[in-house]
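The values are calculated or read from the model by the stated rules, or taken from the named source; none is laboratory data. Note that the coordinates shown come from a computational prediction; the quantities given were computed from them, not determined experimentally. Reconstructed Cβ throughout: ideal geometry from the backbone, glycine too, with neighbour counts over all protein chains shown. Note: accessible area is taken over every heavy atom of the protein model, side chains too, but ligands, DNA and RNA are not part of it. Shrake-Rupley method; radii C 1.70, N 1.55, O 1.52, S 1.80 Å.
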Amino acid sequence: QVQLVESGGGLVQAGGSLRLSCAASGPTFNNYVMGWFRQAPGKERDVVALIGWSGGLIYYADSVKGRFTLSRDNAKNTVYLQMNSLKPEDTAVYYCAVSAYYRGARARDYDYWGQGTQVTVSS
């Protein structure tokens with residue numbers, strides 16, 4: 001059973017920065033995909049960014065391109081989401097997720113989820 005532990009959420013003013021971390025433990029897969037989704041109240045859970053563990057895959061939602069950067073530390077089984085130039089519309093619960101292989105960028109394509117961390121951006 002893969003377990004994901006997230007950290008780094010909080011309250012920040014518009015234009016500020018936060019860094020989220022997600023540490024994975026348990027079975028590992030050679031081709032697994034790890035990433036971040038977010039869900040605002042009353043909205044669906046949408047992809048933010050994805051990264052393939054073996055390299056070659058990285059994806060950003062259009063709404064975060066140029067502001068957010070996803071990176072990984074293979075030795076620690078950890079991914080980081082650096083969020084810069086934050087906007088009030090980035091306010092949401094952010095979830096880390098893992099799939100054993102790439103199937104898509106929809107929430108239903110991911111099998112394992114973290115508990116979520118709240119990010120609030122004030123105007």
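Couple of notes before you dig in:
- Note on the range 1-46: Kirkwood hydrodynamic radius from all Cα pairs is 13.2 Å, rounded to one decimal.
- Here is the list for the range 1-82: trypsin sites (Lys or Arg not before Pro) lying in DSSP coil, each with at most 13 other C-beta atoms within 10 angstrom of its C-beta, are 43, 65.
- Once the Cα gyration tensor of the range 40-95 is diagonalised, semi-axes √(5λ) in Å: 22, 12, 11
- The range 28-123, accessible area per residue, ligands and nucleic acids excluded (1.4 Å, Å²): 50 Å²
- Derived value for the chain: Kirkwood hydrodynamic radius 14.3 Å. Basis is the mean of 1/r over every pair of different alpha-carbon atoms.
- In sequence order, calculated HN-Hα J values of the range 107-123 (Karplus, 6.51, -1.76, 1.60; Hz; x Gly/Pro): 4, 5, 7, 10, 9, 10, 9, x, 7, x, 9, 7, 10, 10, 10, 8, 8
- Accessible surface of the chain [probe 1.4 Å, protein heavy atoms]: carbon and sulfur percent: 46 percent
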